[in-house]
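Structure first, then comments.
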Amino acid sequence: MNNKLLIYIVYDFEGIVDEYIVYMIKELQKFYSRIIIVANGGLKQKYCEYFQNLNFELIYRENEGFDGGAYKEIFLNYLSLDELSYFNEITLMNDSFYGPIFSMNSVFKIMESKDVDFWGITKFENGVWETGEIIPEHIQSYFVTVRRSLFQSKCFKDFWRDYEESSSFNETVKNFEVKFTTFFSENGFKYAVLTDFLGKINGQDKSKNTWMEYADQLVKDLKIPFVKRKVFNVCNYKIATEVLGFIRDNTNYDENMIIKHIERLDKGGKFEGYSESRIKAFFNDHKAVYLYGNGLISQKLQFYLSQKGMDIKGIVITKGIDGQGVLNVANFVLEPGEGIIIATGKKYAEEIYSILKRKKISDSDIMRPI
């Protein structure tokens, strides 16, 4: 076995370790000589004892600074230079994905032959922030492996020494996920991702999030062993059902581990955007439901609703002409007993909410994305 270290960040709003995490660690244990589990926010006692019985190192910390804050603490305060010098590779990983649905043997075999200083599974290639600024190409940070050439360098120490923690998720993405790639590549270190070597994604729009928009092709065609948790939401219903069906019919991975975790998140109100239980409850509480918005999120939500047999009364838009079930908000009247779902991203949701409140629509009749 190569001398490899895995640093695995876990966080759960209830302090629970789900079955998919147990499976993940047991499978990865075959490839790593040392595993450090960092529990952001802590765990319930029985899960702590479980990890301790497996002789994993378990570190507790407050959930401050998300993953970047956890890694900074490990590299600055927990691991000594002598300890780091023992390893050939260090993998930084979090619990935001399921798998491995295929063996990791092929992943390591492919990447071990590449002349790079750090590598990952997928990358974001050509995006734009909500502010309009360009998102630089970067490895998506749910799984990043760094080699000795990088983690024993002064640059690596400098990065963590100067790393600025944030309580904002978007700022953390900028400061950690994006900057991790740009900082080291600008300082002469080479990187790659697994998908660079597995063939092209059909019809790929490189401005879209690879692991979200092309999850089905990643799994079915490229045999990527991981699937991100956020793939399984109602606005990604078509791809999510295809991925789950493929896992069930073509792999040895138990899809019930995914289903059970999704159901617990849904019950706890921890789904971003819209959850199945919230939508069902909203439809049950209203005799008719409209969607506000006619963009991509609305179209995806309409597909989900059609598959579940839930009919909408119409689409409301801010600008445009009435017609064929579409109503300009200026002419829109919500009748008693009806409801409206804001079917947009968070960027526009608050503005739309303000418009609806000015029309004297009650909060109980408006569903907003979380």
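Per residue, the Cα convex hull of the chain amounts to 155 Å³. Remark on region 67-181: ratio of C-alpha radius of gyration to 2.2 N^0.38 Å is 1.12. Against the main long axis of the alpha-carbon atoms of the chain, helix 276-285 sits at an angle near 20°.
Express in whole angstrom the spacing between the alpha-carbon centres of region 292-362 and region 191-207. Using only Cα atoms to place each centre, the spacing works out to 35 Å.
If both residues of a DSSP beta bridge must be in region 107-193, then about 70% of such bridges are antiparallel. What is the sum of charges around I355, taking Lys and Arg as +1, Asp and Glu as -1, for the other residues whose C-beta is under 15 Å from the C-beta of I355? That works out to +3. Every helix of 4 or more DSSP H residues in the chain counts as -39500 (n - 2.57), and over all residues that averages to -10000 deg cm²/dmol at 222 nm. The distance from the alpha carbon centre of region 1-49 to that of region 210-224 is 25 Å, rounded to a whole number. Each DSSP beta bridge with both residues in the chain is either parallel or antiparallel, and the antiparallel ones are about 30%. Put a plus charge on the Cβ of each Lys and Arg, a minus charge on the Cβ of each Asp and Glu, and nothing anywhere else: the dipole of the chain about its Cα centre is then about 480 debye. Summing +1 for each Lys or Arg and -1 for each Asp or Glu among the other residues whose beta-carbon sits under 14 angstrom from that of S103 gives +3. What would the Debye equation give as log₁₀ I(q)/I(0) for region 214-370 at q = 0.10, 0.14, 0.16 Å⁻¹, counting only Cα atoms as equal point scatterers? Log-scaled intensity ratios, in q order: -0.41, -0.74, -0.91. What does the charge add up to near C235, with Lys and Arg as +1, Asp and Glu as -1, over the other residues with Cβ less than 12 Å from its Cβ? For residues surrounding C235, the net value is 0.
Protein heavy-atom accessible surface, 1.4 Å probe, per residue over the chain: 48 Å².
The values are calculated or read from the model by the stated rules, or taken from the named source; none is laboratory data. This is a predicted model, so every value here is computed, not measured. Neighbour counts run over all protein chains shown; Cβ positions are idealised from the backbone, glycine included. These accessible areas exclude ligands, DNA and RNA; they are computed on the full protein's heavy atoms, side chains included. Shrake-Rupley method; radii C 1.70, N 1.55, O 1.52, S 1.80 Å.
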